[in-house]
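Take a look at this one; I'll ask things after.
The values are calculated or read from the model by the stated rules, or taken from the named source; none is laboratory data. Here the structure is a predicted model, which is why all the values come from computation and not from measurement. Positions of Cβ are generated from backbone atoms using ideal geometry, with glycine treated the same way; all protein chains shown enter the neighbour counts. With ligands, DNA and RNA removed, areas are computed over all heavy atoms of the protein, side chains included. Shrake-Rupley method; radii C 1.70, N 1.55, O 1.52, S 1.80 Å.
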Amino acid sequence: MVRAQYRGLKVDRPRVHEVGELLEKDVKEARSRAIASVGWPINPGSSKQISHRLFKVEGLRAPKATR
């Protein structure tokens with residue numbers, strides 16, 4: 001394992017890029033589904049928008065705070 005730190009690891013760069021493109025496609029699809037289900041543009045990375053949708057619009061109860 002220490003040798004890998006000095007020599008590096010072989011990486012199949014074309015495969016890494018291919019998988020990255022697939023993941024990006026999945027993210028775009030998930031974002032499109034979120035917008036379609038909500039009915040307005042939503043940023044899934046915004047906790048403010050998500051909490052508004054879940055607790056104000058959908059009426060879910062907020063979880064109890066834990067210490």
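Spin-label point model (7 Å from Cα, Cβ direction): what's the K64 to E18 distance in nm?
Placing both labels 7 Å beyond Cα along the Cβ direction yields 5.1 nm.
When ligands, DNA and RNA are left out and all protein chains stay put, how many square angstrom of accessible area per residue does the stretch 1-50 have with a 1.4 Å probe?
Numbers: 4800 Å² over 50 residues.
So the stretch 1-50 comes to 96 Å² accessible per residue, rounded to a whole number.
So what's the angle, to the nearest 10 degrees on a 0 to 90 scale, between helix 13-38 and the longest Cα principal axis of the chain?
On a 0 to 90 degree scale, this one is about 0.
In addition: If you roll a 1.4 angstrom probe over the protein chains with everything in place, what fraction of the accessible area of the chain belongs to carbon and sulfur, to the nearest %?
Values: 3710 of 6690 Å².
That fraction is 56 percent.
Additional query: Determine the dipole magnitude for the chain: charges of +1 sit on the beta-carbon of Lys and Arg, -1 on that of Asp and Glu, nothing else is charged, the reference point is the Cα centre, and the result goes in debye to the nearest 20.
Numbers: 15 positive and 7 negative charges, 85 e Å.
Roughly 400 debye for the chain.
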